[in-house]
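To start, the structure under review is shown below, and the notes come after it.
Values quoted throughout were computed directly from the atomic coordinates according to the rules given, and no laboratory measurement underlies them. These numbers come from a predicted model, not from an experiment. Neighbour counts run over all protein chains shown; Cβ positions are idealised from the backbone, glycine included.
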């Protein structure tokens, strides 16, 4: 009995192998496009993180001003000595920066506070923002140039009687001029912190 011979498999031609291999790889152009997309997404994520970090920093600094101002008013009433907030403009470096500091009225005049020196510390704001102060019945309130002398009189005084000249402190973007934060207070020192200066965004009232 003769055995049936199984036909030998046909050899694969280069033409038949080519498309199959092409399906499993990427061309140089495709790799470049994918790399470009990754770079764009990474850049956008970095910008978003940077903006968010700036917002967090400004939020923290405005809340610090509010909280230390409340503390200054309490300290003024307890000690019987007026306390004050100084706003200054520092043009000594490559960029003009806004900042603030604190003062205490002593028998010899205004001086840096002796109490809570770790609370009443000088602070400087980021370069992209500007501060402005408005006080009731005061036509124009100017910021002091840095360096501020220890005996300089503050613009905002927290009196030992528990009163403060009503006013508001605005934090604005230097690029757009938009209000980022607004801190308002009345005669009794009751403060309201507003994001973007809008009443409906009332964040903290005391």
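Within region 102-115, the only residue that satisfies the criterion of being touching a helix residue (DSSP H, G or I) at 6+ places or on another chain (Cβ under 7 Å) and not in a strand (DSSP E or B) is 115.
A single member of 189, 162 is touching a helix residue (DSSP H, G or I) at 6+ places or on another chain (Cβ under 9 Å) and surrounded by fewer than 16 Cβ atoms within 10 Å (Cβ to Cβ), and it is 162. Among the residues of region 179-194, those identified as touching a strand residue (DSSP E or B) at 6+ places or on another chain (Cβ under 7 Å) and without any contact (Cβ under 8 Å) to a residue 60 or more places away in the chain are 179, 182, 184, 187, 192, 194. Among the residues of region 78-90, those that are without any contact (Cβ under 8 Å) to a residue 60 or more places away in the chain and under 23 Å from residue 62 (Cβ atoms) comprise 89, 90.
Free of Cβ contacts under 8 Å to residues at least 24 places away in the same chain, crowded, with 18+ Cβ neighbours inside 10 Å and over 28 Å from residue 55 (Cα atoms): does that describe residue 140? For residue 140, the condition - free of Cβ contacts under 8 Å to residues at least 24 places away in the same chain, crowded, with 18+ Cβ neighbours inside 10 Å and over 28 Å from residue 55 (Cα atoms) - is not met.
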